[in-house]
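Report on the structure given below.
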Amino acid sequence: MGIDIGGNTIVRIPASGVSLNTLAFNSIGQGSASPAPGYTGWKAGTTYYAAPTGWETTATHWQSGLNVANGIFTCPVAGYYAMGYNSIHNGGQGYPTGYNTYGYSAFAKNGALDYYVHWNWPIGGWNTGGTAALFSCAAGDTLTLLVNRSPLSTGPDSISQNMGMYPNTHHAVWCKLVG
Amino acid sequence: MGFDIEGVATLTSSGTTLSLDGVNNWMSVNANGILTRPQTPFMSGQLSGKGNTYNAGGGALLVTADFNVGGCWNNATGFWTCPVAGYYMMTMGNIASGPGSGYPAIGKNGANVHYTHWNHGANWHYISLSCVLQCAAGDTMFFYMFSYSPATAGFYGVSGHGMYSIALMA
């Protein structure tokens, strides 16, 4: 015999575990919940790309809240969201005199750069990298991965210098509500 | 005095604790509203005693767990078995040998999920890879490496210099 609230059984016999609406525990206390806002995905393609307004995460293992056309994730509820990515980056080549030799990748919250990293390995070398961060978000906030969006107002012109990130499952981008 | 549900969930002025076995804390919300789930399946570990460079011959990396909550990780096989359906985070980081190249990867149920690579002329190259996977109960996950060259290329496997972890997020 369990306890019922509004038609949902919230406590069952120990062998069956416990269900609290979408939060369920098995018989030894290992709990999970669904649905879960977030995604793990990648961009399809065959060469490296820039994405100064949003890395188009067009393919996903799972997703809820992601616009796969532009790579923008919209937070459905207020909370803390973890976000990360890993990939290889093309180092660029043929820099004109006076131009920056750095390529940048960044997380943006509501379109504004929050955190960024860069790579600087000349003449077409592949740079392994990525980063991860936690964001405090309100419902409706957006989170995006940007590639070759410079934090400098002058701009490094890194797109035209062949800097970019490699697509397909050679990389992973993910985001998840964690609390 | 608190409120008791079948002797397994207790609501008091200092928080709520859920336990069906009467011994282990399954989930608590303390007086400040901070939620914890101590039985959450989790492992973290490292390569230990595997030599200067280690690739497991292309099979699952035999990571030695420092923590193995729930017993989901098997040191002998290098496989994690999901006890319940949910979203699992996997992270790996290590240094890869040079001169050499290879593709460190994350696998699920025997198939590649995501990978990265290094191709370094000399010295060690830092590698990291992470993702969150939606899994069913019984799914298996593992860390591995493919297409490495030379045959001795691999991660530093003596101890330290890297971390591998898996946890049920929700």
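Filter region B:1-24 down to the residues that are within 8 Å of another protein chain (Cβ to nearest Cβ) and in a loop (DSSP other than H, G, I, E, B), then identify the one that is modelled with the highest pLDDT. Steps first, please.
From region B:1-24, those within 8 Å of another protein chain (Cβ to nearest Cβ) are B:5-6, B:8-9, B:18-21, B:24; that's our starting set.
Still in the list and also in a loop (DSSP other than H, G, I, E, B): B:6, B:8, B:19-21, B:24.
Working: B:Glu6: 62, B:Val8: 60, B:Ser19: 77, B:Leu20: 72, B:Asp21: 73, B:Asn24: 83.
The residue in question is B:Asn24.
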Worksheet item: Of the numbered conditions (1) within 20 Å of A:Gly125 (Cα to Cα); (2) free of Cβ contacts under 8 Å to residues at least 60 places away in the same chain, B:Asp139 satisfies every one except a single condition; which is it?
Response: (1)
Worksheet item: Which of the residues belonging to region B:38-62 are facing another protein chain (nearest Cβ under 9 Å) and surrounded by 19 or more Cβ atoms within 10 Å (Cβ to Cβ)?
Response: B:Gln39, B:Thr40, B:Pro41
Worksheet item: Mind checking whether some residue in region B:19-31 is closer than 17 Å to B:Lys108 by Cα and out of contact with any Lys or Arg (no Cβ under 6 Å at 6 or more places or on another chain)?
Response: no
Response to the item:
Of the conditions (1) over 22 Å from A:Gly29 (Cβ atoms); (2) under 11 Å from the mean Cα position of the chain (by Cα), the single one that B:Ala96 does not satisfy is (2)
Practice prompt. Tell me which of these A:Asp114 doesn't satisfy, since it passes every other one: (1) assigned to a strand (DSSP E or B); (2) within 27 Å of B:Ala137 (Cβ to Cβ).
Written response: (2)
Worksheet item: Filtering region B:128-170 down to residues that are over 12 Å from the mean Cα position of the chain (by Cα) and among the β-branched types (Val, Ile, Thr), which residue is nearest to the other protein chains (Cβ to nearest Cβ)?
Response: B:Thr152
Response to the item:
Per the list (1) in contact (Cβ under 8 Å) with a residue 24 or more places away in the chain; (2) part of a strand (DSSP E or B); (3) buried (at least 18 other Cβ atoms within 10 Å of the Cβ), residue check on B:Gly157 breaks on (2)
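For B:His125, indicate whether it is facing another protein chain (nearest Cβ under 10 Å), surrounded by fewer than 22 Cβ atoms within 10 Å (Cβ to Cβ) and on the phi < 0 side of the Ramachandran plot. Break it down stepwise before answering.
Working: facing another protein chain (nearest Cβ under 10 Å): yes; surrounded by fewer than 22 Cβ atoms within 10 Å (Cβ to Cβ): yes; on the phi < 0 side of the Ramachandran plot: yes.
The answer is yes for B:His125.
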Worksheet, complete the sentence: Within region B:95-119, the residues that are surrounded by fewer than 20 Cβ atoms within 10 Å (Cβ to Cβ), at pLDDT below 95 and within 9 Å of chain A (Cβ to nearest Cβ) are B:Asn119
Worksheet item: Condition test on A:Lys109, is it farther than 24 Å from B:Cys135 by Cα, touching a residue at least 24 places away in the same chain (Cβ under 8 Å) and charged (D, E, K, R)?
Response: yes
Discussion item. Looking only at region A:40-74, count every residue that is over 23 Å from B:Gly107 (Cα atoms) and touching a Phe, Trp or Tyr at 6+ places or on another chain (Cβ under 6 Å) and tell me the total.
Written reply: 4
Practice prompt. All but one of (1) surrounded by 14 or more Cβ atoms within 10 Å (Cβ to Cβ); (2) free of Cβ contacts under 8 Å to residues at least 24 places away in the same chain hold for B:Asn24, so report the exception by its number.
Written response: (1)
Practice prompt. Name every residue in region A:59-74 that is within 16 Å of A:Cys137 (Cβ to Cβ) and within 11 Å of chain B (Cβ to nearest Cβ), in order of residue number.
Written response: A:Ser64
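Within region B:74-120, can you find the residues that are out of contact with any Phe, Trp or Tyr (no Cβ under 9 Å at 6 or more places or on another chain) and not in a strand (DSSP E or B)? Steps first, please.
Applying the first criterion (out of contact with any Phe, Trp or Tyr (no Cβ under 9 Å at 6 or more places or on another chain)) to region B:74-120 yields B:75-76, B:83, B:85-86, B:99, B:109, B:111, B:113, B:120.
Listed by number, the residues that qualify are B:Asn75, B:Ala76, B:Pro83, B:Ala85, B:Pro99, B:Asn109.
The values are calculated or read from the model by the stated rules, or taken from the named source; none is laboratory data. The shown structure was predicted, so the numbers you read here are calculated from the model rather than taken from an experiment. Ideal geometry is used to build each Cβ from the backbone, glycine not excepted, and the neighbour counts take in all protein chains shown.
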